[in-house]
Amino acid sequence: MRKCQNCNMPFSWSKVYKAFLGWVYKPVTCDNCGAEHKLTFEGRLLFVSLTGLPMLLFVIFFSPFTNHLATLGAGLAILSIGSLFVPYFVKFKVA
Ligand SMILES: [Zn+2]
């Protein structure tokens, strides 16, 4: 799990996850020392490769559904599941 680069206070999963909600990235602020952490470029890349990429691959190449809505629903499910793992791998830097 990620922790504060300034004081080593661990960030909760939900705190990191919230920073990703809704595509608009917000910095993660440490509760202990108030340092703001921004996602690194690698972190953004990781986010895309854990969420958007598997979803696109599934929708374009691997979907077993002929129904577009079912394909889209499954694609969104993959995106949500992928995003659950993002807080474990993502990297931050102090703003
Ligand atoms: Zn801190």
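The values are calculated or read from the model by the stated rules, or taken from the named source; none is laboratory data. Note that the structure is predicted; figures quoted are calculated from it, not measured. Backbone-built Cβ (ideal geometry, glycine too); neighbour counts: all protein chains shown. Note: areas computed on protein heavy atoms with side chains; ligands, DNA, RNA excluded. Shrake-Rupley method; radii C 1.70, N 1.55, O 1.52, S 1.80 Å.
Using +1 at the Cβ of each Lys and Arg and -1 at the Cβ of each Asp and Glu in region 13-94, identify which of Phe41, Ser80, Thr51 lies farthest towards the dipole's positive end.
In region 13-94, that residue is Phe41.
What does the extension gain come out to for Ser63 and Leu76, with contour length at 0.36 nm per residue minus their alpha carbon separation?
Full-extension gain reported as 3.4 nm.
Can you give me the % of accessible surface on the chain that is carbon or sulfur? Probe 1.4 Å, all protein chains present, nothing else counted.
66 percent
On each of the three principal axes of the Cα atoms of the chain, give max minus min coordinate, whole Å, ordered largest first.
That gives 52, 20, 20 Å along the principal axes, largest extent first.
To the nearest 20 Debye, how big is the dipole of the chain about its Cα centre, given +1 on the beta carbon of each Lys and Arg and -1 on that of each Asp and Glu?
Numbers: 9 positive and 3 negative charges, 47 e Å.
Roughly 220 debye for the chain.
Can you give me the accessible area per residue for region 13-94, using a 1.4 Å probe, in Å²?
Result: 64 Å² of accessible area for each residue.
Report the normalised scattering of region 48-95 as log10 I(q)/I(0) at q = 0.15, 0.16 Å⁻¹, calculated by the Debye formula with identical scatterers on the alpha carbons.
Log10 of I(q)/I(0), two decimals: -0.43, -0.47.
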